[in-house]
1. Output the pairs from LYS9/LYS115; LYS5/LYS103; LYS18/LYS103 with a Cα-Cα distance over 18 Å in this structure; if there are none, say none.
2. What dipole magnitude, in Debye to the nearest 20, does segment 24-160 give about its Cα centre under +1 on Lys/Arg Cβ and -1 on Asp/Glu Cβ?
3. Considering amide H positions built from the backbone, and no H for Pro or chain starts, which residues 5 or more places from GLY78, or on another chain, come under 5 Å of its amide H?
4. Beyond 16 Å, what share of the Cα-Cα pairs of segment 107-151 remains, rounded to the nearest whole percent?
5. For segment 47-155, just list the percent of Cα-Cα distances falling in each 10 Å bin from zero outward, please.
6. Top mean-square fluctuation among ALA25, ALA66, ALA96, Gaussian network model of the chain, C-alpha springs under 10 Å?
7. Which is farthest toward the positive dipole end of segment 84-173 among LEU91, GLY149, CYS139, measuring Cα position about the Cα centre, with Cβ charges +1 (Lys, Arg) and -1 (Asp, Glu)?
8. Binned at 5 Å from 0, what are the whole-percent values of the Cα-Cα distance distribution for segment 17-78, short to long?
Amino acid sequence: MQEKKFGIKRSRATTKPKAGYFEVAFYQCENCKSIFQSITTTIQDGLICCNKEMERLKTKDPSEIANSVLINYRIVGGYNDNAIEVTWEILKKKDAIEWIYIKTFTGGQIKYITKQSKTSVIFALADEDAYVYCDEDPCLECTFRCKRGFEIYIYLNKSGLIKIPMDRMQANW
């Protein structure tokens, strides 16, 4: 009988972790254009940069920018190598993705897009963030929706901040 191997990144949680312990907000300085990320249980106001209060970036729905950028995601890897792949296609060259942030059950990850020819990034998951019900690769996006509560934030230089909740479910596989 072959012994099962458990990957170091595999979730050991016996139940799905709860989402929503913290809020993610992004603020931008009007003067220097710096962006500040806030992870807290309450939304903050009064953040100062360049002696001015920073403006909270409003999120847009992906449908608002569908004519210039198409964005998609999928969950890959199964039990031992759980990950999220975010893909995109730039339709209008005026827009460029600067960074992508994934809010997870226990925190988040950010990736900067330094090569504009790139069309995807992969966020590796571990511990509670890697919790899954099954070992399908790629994910079937079933009724369990293992990553419900995760959010994808994408910052485009012209279109602003896009927010995609990871709650998609397929009716048929």
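Rule-based calculations on the coordinates, nothing more; no lab input. Note that the coordinates shown come from a computational prediction; the quantities given were computed from them, not determined experimentally. Because the Cβ atoms are built from the backbone with ideal geometry, glycine has one as well, and the counts that use them run over all protein chains shown.
1. On the way: LYS9/LYS115 28 Å; LYS5/LYS103 28 Å; LYS18/LYS103 13 Å.
Pairs exceeding 18 Å: LYS9/LYS115; LYS5/LYS103.
2. Working: 17 positive and 19 negative charges, 139 e Å.
The dipole of segment 24-160 has a size of about 660 debye.
3. Those lying under 5 Å, H to H, from GLY78 are ALA83.
4. Numbers: 508 of 990 pairs.
Distances greater than 16 Å cover 51 percent of the Cα pairs.
5. Reading upward from the zero bin: 12, 39, 32, 14, 3, 0.
6. Of ALA25, ALA66, ALA96, the Gaussian network model singles out ALA66 as fluctuating most.
7. In segment 84-173, that residue is LEU91.
8. Calculated P(r), rounded to whole percents: 4, 15, 16, 14, 18, 17, 11, 4, 2, 0.
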